Amino acid sequence: MRIDIITVLPGLLQGPLNESILKRGSQKGVLDINVIDLREYGLGKHKQVDDEAYGGKAGMVMMIEPIANCIGVLQKERTYDEVIYMTPDGKRFDQKTANTLSLKENLLILCGHYKGIDERIREAFITMEISIGDYVLTGGELAAAVVTDAICRLVPGVLNDETSALSDSFQDGLLSPPIYTRPAEFEGMIVPEVLRSGNFKAIEDWEHEQALKRTEDRRPDLLD
Ligand code: 6GU
């Protein structure tokens, strides 16, 4: 899978994308994540990418020309399955969307900044708008990193244990049950007997029961 991310702050994405599992995915050749500096497509001597809003509203707006030029160059190379705009007024990101996007070949993600982007960019280029929650970030970069991480870890070959992504919280609509590792006892706190029983069926039943209980307690909305 290839993900191209357009941003005015490439540095904000380098760290998250070049560490951990995403790095391994890239090294194994199953992921190709590219950060494109929009400034390179900026206008004039100052490489301008934003301007004042029409209508006298405070705050700068990302201009259409640099973004149109940038997307144009990228689209000459390949066809994107989705052109995603990261914005707090987009559709709330969830595991289902991550699953769907993880099946795509090529994604293009545009990070919003300042007051937002010229509305015509949304009309002309954007096929999907994503928010990661009901709060406002200074830009779409951290949100793009979150979305990229959630998508990429579902791509086969990125995680070592391919089944582990399938047993995540949310993947079956439930939160995960409690998990333990050695020692079996620590300062009087004991790992539940059933997990040490070797009885696979009993373990499965216990885990399902615990997952249900945890979901009822913490996220009853997921059960609706
Ligand atoms: Cl995608 N962008 C910004 N700027 N703020 C957000 C967001 C995105 N999602 C939640 N808050």
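The values are calculated or read from the model by the stated rules, or taken from the named source; none is laboratory data. Just so you know, these numbers come straight off a predicted model, no measurement behind them. A quick note on method: Cβ atoms are made from the backbone with ideal geometry, for glycine too, and the neighbour counts reach across all protein chains shown. Please note that ligands, DNA and RNA were not included when accessible areas were found on the heavy atoms of the full protein model with its side chains. Shrake-Rupley method; radii C 1.70, N 1.55, O 1.52, S 1.80 Å.
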Residue hits (segment 58-94; touching a helix residue (DSSP H, G or I) at 6+ places or on another chain (Cβ under 6 Å) and surrounded by fewer than 15 Cβ atoms within 10 Å (Cβ to Cβ)) are none
Could you grab me the full set of residues in segment 182-224 that are under 15 Å from residue 169 (Cβ atoms) and small (Gly, Ala, Ser)? 211
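For residue 108, indicate whether it is closer than 22 Å to residue 77 by Cα and either within 11 Å of the ligand (Cβ to nearest atom) or in a strand (DSSP E or B) (or both). Write out each step before concluding.
Numbers: closer than 22 Å to residue 77 by Cα: yes; either within 11 Å of the ligand (Cβ to nearest atom) or in a strand (DSSP E or B) (or both): yes.
For residue 108, the condition - closer than 22 Å to residue 77 by Cα and either within 11 Å of the ligand (Cβ to nearest atom) or in a strand (DSSP E or B) (or both) - is met.
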Which numbered condition residue 178 misses (of (1) at pLDDT 95 or above; (2) within 16 Å of the ligand (Cβ to nearest atom); (3) of a type outside the set (Ser, Thr, Tyr); (4) open to solvent by less than 90 Å² (accessible area, probe 1.4 Å)): (2)
A careful count of residues in segment 21-31 that are in contact (Cβ under 8 Å) with a residue 12 or more places away in the chain and open to solvent by 70 Å² or more (accessible area, probe 1.4 Å) gives 2
Might you let me know whether segment 95-116 holds any residue that is open to solvent by less than 50 Å² (accessible area, probe 1.4 Å), touching a residue at least 60 places away in the same chain (Cβ under 8 Å) and over 18 Å from the mean Cα position of the chain (by Cα)? no
Mind checking which residues of segment 117-144 are more than 6 Å from the ligand (Cβ to nearest atom), touching a residue at least 12 places away in the same chain (Cβ under 8 Å) and either part of a helix (DSSP H, G or I) or of a type in the set (Lys, Arg) (or both)? 120, 121, 122, 124, 125, 141, 142, 144
